[in-house]
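The values are calculated or read from the model by the stated rules, or taken from the named source; none is laboratory data. Since this is a predicted model, take the numbers as computed values, not measurements. Every residue, glycine among them, receives a Cβ derived from its backbone with ideal geometry; neighbour counts consider all protein chains shown. Just the protein is used for accessible areas: all its heavy atoms, side chains included, with ligands, DNA and RNA removed. Shrake-Rupley method; radii C 1.70, N 1.55, O 1.52, S 1.80 Å.
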Amino acid sequence: MALTPAAGGGCDESSTPSPPSQSARPANSDVEWDSFDPLAYVRHNYAVLRADDREILRRTRDFFAEAKLSDAHCVDVGSGANLYPALTLLPFARTIDLCDWSASNVSWLRTQVDSYDELWDPYWQVCAEHPAYSALTDPRGRLARVGRVLRTSVFDAPRHAWDAGTMFFVACSISADRAEAEHAIGRFLDALRPNSPFAVAVMLDSRGYSVGQRVFPAVALQRAEVMASIAAGAYDLDVHEVRLTPTLRDGYLSMLLTTGRTRGGAGPYT
Ligand SMILES: C[S@@+](CC[C@H](N)C(=O)[O-])C[C@H]1O[C@@H](n2cnc3c(N)ncnc32)[C@H](O)[C@@H]1O
């Protein structure tokens with residue numbers, strides 16, 4: 001996925017609204033998440049399967065296929081209008097909870113979990129290049145059976161509730177507050193039981209993004225700080241930085257995918 005930067009660069013040249021004020025630094029609770037337009041977001045980011053998403057999808061697929069997971073209670077945090085993280089969990093899931101805080105995204109997710117659009121078929125095809133996934137012949141029906149959509153904030157996620165999880169483009173993209181990004185990563189990892197496999201994707205150096213006519217804040221995270229946040233709650237980390245395609249106009253953005261397993265012990269988020 002390639003969040004359209006709010007200013008200074010973009011994956012397309014369409015006019016984008018002005019960026020959020022740098023001095024404003026909106027917190028997660030300052031943002032009108034219910035005005036997030038899932039159709040505009042999907043149209044822009046996922047209507048065509050991009051090479052960068054394909055790579056992230058392929059690596060996540062291979063990671064979960066090797067993770068010795070079965071009959072697992074899985075979660076995708078901040079699902080928004082993206083089904084592919086949930087698809088990577090599908091063959092191994094007894095349940096998949098797709099969680100988001102935005103009412104508009106939750107409503108979109110409910111229709112997609114019932115029977116997802118053909119747009120997601122190419123994403124499943126990438127999954128099905130692996131035998132662990134191709135054995136599943138009706139992914140659409142399977143998601144309808146095991147998927148459940150919850151309106152939940154990452155900051156309220158219960159501890160040690162799931163066996164495996166994904167959180168894609170959330171920590172970087174839910175506020176302009178660096179501490180909240182770190183907190184979101186911590187809460188996500190802590191929501192998984194000890195030794196659970198997970199995948200986290202973030203945009204690096206993101207300055208905010210547009211969805212339709214609205215602008216949403218972001219934190220310009222650097223690789224080292226993301227790694228430090230994840231390493232605080234996880235081990236066996238595998239990290240891949242994927243450059244966005246096509247190249248952005250100004251500046252440099254990339255996506256960082258980290259897979260690993262959660263540490264045991266009491267976390268800080270009781
Ligand atoms: C940039 S979108 C990422 C969506 C999707 N995961 C993807 O890969 O494209 C950020 C998502 O975080 C959601 N969000 C914002 N605040 C949240 C919170 N406190 N808890 C959970 N999700 C939140 C938004 O509604 C939005 O769907």
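The set of residues from region 152-181 being more than 9 Å from the ligand (Cβ to nearest atom) and under 13 Å from Ser79 (Cβ atoms) comprises just one member, Gly165.
Condition check ((1) touching a Pro at 6+ places or on another chain (Cβ under 6 Å); (2) open to solvent by less than 40 Å² (accessible area, probe 1.4 Å); (3) not hydrophobic (A, V, I, L, M, F, W, C)) across all residues:
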{"site": "Asn82", "(1), (2), (3)": "no, yes, yes"}
{"site": "Trp108", "(1), (2), (3)": "yes, yes, no"}
{"site": "Glu118", "(1), (2), (3)": "no, no, yes"}
{"site": "Ser134", "(1), (2), (3)": "no, no, yes"}
{"site": "Ala161", "(1), (2), (3)": "no, yes, no"}
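Residue under question is Ile96, and the condition is that it be away from the ligand (no atom under 13 Å from the Cβ), surrounded by 18 or more Cβ atoms within 10 Å (Cβ to Cβ) and either under 24 Å from Leu189 (Cβ atoms) or modelled with pLDDT of 95 or more (or both); does it hold? When the stated conditions are applied, Ile96 passes them.
Out of all the residues in region 65-80, which are touching a residue at least 12 places away in the same chain (Cβ under 8 Å) and exposed (fewer than 15 other Cβ atoms within 10 Å of the Cβ)? Explain how you work it out, then say what you get.
First pass over region 65-80, keeping only residues touching a residue at least 12 places away in the same chain (Cβ under 8 Å): 65, 67, 69-80.
Listed by number, the residues that qualify are Ser70, Asp71.
The numbered conditions (1) more than 16 Å from the ligand (Cβ to nearest atom); (2) over 23 Å from Leu257 (Cα atoms) are all true for Asp117 except (1). Out of region 84-93, which residues are more than 9 Å from the ligand (Cβ to nearest atom), in a helix (DSSP H, G or I) and buried (at least 24 other Cβ atoms within 10 Å of the Cβ)? Ala86, Leu87, Thr88, Leu89, listed by residue number.
The set of residues in region 182-199 being among the hydrophobic types (A, V, I, L, M, F, W, C) and more than 18 Å from His73 (Cβ to Cβ) consists of Ala184, Ile185. Is it the case that region 187-207 has a residue that's farther than 24 Å from Arg58 by Cα, of a type in the set (A, V, I, L, M, F, W, C), in contact (Cβ under 8 Å) with a residue 24 or more places away in the chain and within 15 Å of the ligand (Cβ to nearest atom)? Checked against the condition, which is being farther than 24 Å from Arg58 by Cα, of a type in the set (A, V, I, L, M, F, W, C), in contact (Cβ under 8 Å) with a residue 24 or more places away in the chain and within 15 Å of the ligand (Cβ to nearest atom), region 187-207 yields at least one hit.
Per-residue answers, yes or no, for (1) touching a strand residue (DSSP E or B) at 6+ places or on another chain (Cβ under 9 Å); (2) of a type outside the set (Phe, Trp, Tyr); (3) open to solvent by 30 Å² or more (accessible area, probe 1.4 Å); (4) modelled with pLDDT of 95 or more:
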residue: Phe36; (1), (2), (3), (4): yes, no, no, yes
residue: Arg43; (1), (2), (3), (4): no, yes, yes, yes
residue: Tyr46; (1), (2), (3), (4): no, no, no, yes
residue: Phe63; (1), (2), (3), (4): yes, no, yes, yes
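Taken over region 65-83, the criterion of being more than 9 Å from the ligand (Cβ to nearest atom), at pLDDT 95 or above and not hydrophobic (A, V, I, L, M, F, W, C) is satisfied by Glu66, Ser70, Asp71, His73.
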